[in-house]
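Report on the structure given below.
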Amino acid sequence: MTKKQKKLLIRIIISGILFITAWMLPLSGPMQLIAFLIPYIVIGWDIVWKALRNILHGQIFDENFLMVIATIGAFVLGIIKTHDYAEAVGVMLFYQVGELFQSYAVSKSRQSIAQLMDIRPDYASIEQDGTLIQVDPSEVHPGDIIIVQPGEKIPLDGIVSDGFSTIDTSALTGESIPRDAQAGNEVISGCVNLTGVLRIKVTKAFGESTVSKILDLVENASSKKAKAEHFITKFARWYTPCVVIAAVLLATLPPLFFEAMWTEWVERALIFLVISCPCALVISIPLSFFGGIGGASRCGILVKGGNYLEALAKTDVVVFDKTGTLTKGTFQVTAIHPEQGITSEQLLETAALAEIYSKHPISLSLQNAAGEKLDANRVKNVQELAGLGLTATIDGHNVAVGNLKLMKQLQIDAALPCHLTGTSVYVAIDQVYTGHIIISDEMKEDASKAIQLLKQAGIRKTVMLTGDSRQVGEAVSQQLGLDEVYTQLLPSGKVEKLEQLLKEQAPNKKLAFVGDGVNDAPVLSRADIGIAMGGLGSDAAIEAADIVLMDDAPSKISTAIRISKKTLRIVQQNIIIALGIKGLFLLLGAFGMANMWEAVFADVGVAVIAILNAARALNVKEFQ
């Protein structure tokens, strides 16, 4: 409980004691009024002050204004007619009890999110003169060496230069299985070092680190409101002045035109105002979306705002990239087919040299397969051709390495597509085709399960877009049970195909694209919802997508969809509950069938019910 909440609780207790005392004392006249004014001032002075301050700033119609008018009006009625001031104090007292409960529920929800994302490092340890000193992570620069002891958080992104350990990535991925880290491995901030001492060479400043980007993402998520949240904001803006006008008419029209009692209809109008407070909707709807975002975070799914969570619930088509999304992106050379008298070793070495400056997974697989240390000085004039491959000069010879389209563009006669399943890398030297290399990608363990779960979650169609060959694409599609597959697409072709799929969408339905967040940025941006395989927090994924899966597991997409649908159900339930109960009590109050105490239930009680319901969005155990 925060200091502010503790202070309010103390005021509630003191005011409650004074209220009961005033009720029990045999007082009358001015003494009775003073006895009830004291607990009213103790518990309600801040509400009165907020109402006056807002009026001075032109913000008249809010719940503070409604409560002040209703309670002061009740005091006036007590002086004129009833000589009973208990209702006025009781309404303010129970209203503040409701405010305390609401504040506590919101802070608990935020605290739960903070605990789920408790990855901010407190310090970084560096070695100076043989001793470890702790410094602020922002003071460490790329290239510095930090030491991380067992049990400490890794404060910055880097590469292990010495040591072996296991690290806990659960704060980022939602997965409890530790990962090994040794010399040469990349590690990211926010993970916890479990067993051994690690010396890590820092690669990014703290402001650019994974943990910093994720914290910014989570902290800013609430600023991107869903349509339901915008609706409630606009609704409250019009609703409050409307009910104030309705209360004025309720208080004045019957006495003016039907000779009714002024005091009776003024009392009904005051009860009407208390019931009309929209706090149940205004608080519980954003809390529902915040709970959904927090529940997703617990599963290693980062959602950038309530608007994306709402859109995800309406998704009926999911489009996948292949490499790095449904497959691991860890390619291996599985066959070498040389031509023109060249040996397998020479063909592989030529291809690996041409790709020596590239970090593409296929390029790395060629370099790894070549094994021996490649001499980059032999390579000149490297030119990459998007979606085709590259050309280079090696030992004075013009070399082209890429797909069959590249060979055709360069007017080189190459072999027909290979009968083996995999990606074919064609090699030509001095405009002469010299053979091709087959590289195969490994399927992710949960890729097939992911497609099945999406069907169970109500997804109408699953599609794969890939730049790979028709043979490879169709083999993957058949193995996973995808509905459609489009192959041999350049980056621009993927965007065109996505545009076509968007045109085929049913009204009010959404399309999600799932990619690795690096090469698929244009498609991620164009889709209704871009979902990136975060690769434990890759920069491009976090920046390009609307939703990031931190452990690269495609099965988490169905979890995200189920969380979004549950959140939307809770939002709809809260709207129905709040408007239904309030509507009923507004009618009862207008016809004189509800007193001030029942009005308090209609306001505070409904808010409490709605908030308790909203808190369910944090519970995502059933989806894990």
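The values are calculated or read from the model by the stated rules, or taken from the named source; none is laboratory data. Quick caveat, the model's predicted, so the values are computed rather than measured. With ideal geometry, Cβ positions are generated from the backbone for all residues, glycine too; neighbour counts draw on all protein chains shown.
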Can E339 be described as in contact with a Ser or Thr (Cβ under 8 Å, 6 or more places away or on another chain) and modelled with pLDDT of 80 or more?
yes
Within segment 473-523, the residues that are on the phi > 0 side of the Ramachandran plot and part of a helix (DSSP H, G or I) are none
Which of the following residues is assigned to a helix (DSSP H, G or I), surrounded by 16 or more Cβ atoms within 10 Å (Cβ to Cβ) and basic (K, R): K405, K449?
K405
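Hey, any hits in segment 386-403 for a residue that's in contact with a Phe, Trp or Tyr (Cβ under 7 Å, 6 or more places away or on another chain), outside the structural domain of G515 (by TED's automatic domain parsing), touching a residue at least 40 places away in the same chain (Cβ under 8 Å) and not charged (D, E, K, R)? Spell out the reasoning first.
Looking only at segment 386-403, we keep the residues that are in contact with a Phe, Trp or Tyr (Cβ under 7 Å, 6 or more places away or on another chain), and these are 402-403.
Restricting the remaining residues to those that are outside the structural domain of G515 (by TED's automatic domain parsing) gives 402-403.
Still in the list and also touching a residue at least 40 places away in the same chain (Cβ under 8 Å): 403.
Applying the additional criterion that residues be not charged (D, E, K, R) yields 403.
The answer is yes, given that some residue of segment 386-403 is in contact with a Phe, Trp or Tyr (Cβ under 7 Å, 6 or more places away or on another chain), outside the structural domain of G515 (by TED's automatic domain parsing), touching a residue at least 40 places away in the same chain (Cβ under 8 Å) and not charged (D, E, K, R).
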Selection status of E355, surrounded by 19 or more Cβ atoms within 10 Å (Cβ to Cβ) and of a type in the set (D, E, K, R):
yes
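This table checks each residue for (1) within 34 Å of the chain's Cα centre (by Cα); (2) crowded, with 18+ Cβ neighbours inside 10 Å; (3) not assigned by TED's automatic domain parsing to the domain that holds I451.
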residue: A313; (1), (2), (3): yes, yes, no
residue: D321; (1), (2), (3): yes, yes, no
residue: E339; (1), (2), (3): no, no, yes
residue: Q346; (1), (2), (3): no, no, yes
residue: E349; (1), (2), (3): no, yes, yes
residue: D375; (1), (2), (3): no, no, yes
Given (1) surrounded by fewer than 16 Cβ atoms within 10 Å (Cβ to Cβ); (2) under 30 Å from L309 (Cβ atoms); (3) modelled with pLDDT of 80 or more, identify the lone condition not met by L256.
(2)
Among the residues of segment 188-207, are any touching a strand residue (DSSP E or B) at 6+ places or on another chain (Cβ under 7 Å), modelled with pLDDT of 90 or more, at positive phi and surrounded by fewer than 18 Cβ atoms within 10 Å (Cβ to Cβ)?
no
For segment 490-517, what are the residues that are without any contact (Cβ under 8 Å) to a residue 60 or more places away in the chain and aliphatic (A, V, I, L, M)?
V495, L502
Given the conditions (1) over 15 Å from E99 (Cβ atoms); (2) buried (at least 20 other Cβ atoms within 10 Å of the Cβ), and given that I79 satisfies all but one, which numbered condition is not satisfied?
(2)
Just checking: which of the helices (runs of 4 or more DSSP H) contained wholly in segment 534-624 hold 3 or more residues that are among the β-branched types (V, I, T), at pLDDT 80 or above and farther than 24 Å from D316 by Cα?
556-590
Just a yes or no: is a residue in segment 103-121 in a helix (DSSP H, G or I), surrounded by 17 or more Cβ atoms within 10 Å (Cβ to Cβ), modelled with pLDDT of 80 or more and touching a Leu at 6+ places or on another chain (Cβ under 6 Å)?
no
So for segment 409-416 (the condition being of a type in the set (V, I, T) and out of contact with any strand residue (DSSP E or B) (no Cβ under 9 Å at 6 or more places or on another chain)), does at least one residue qualify?
no
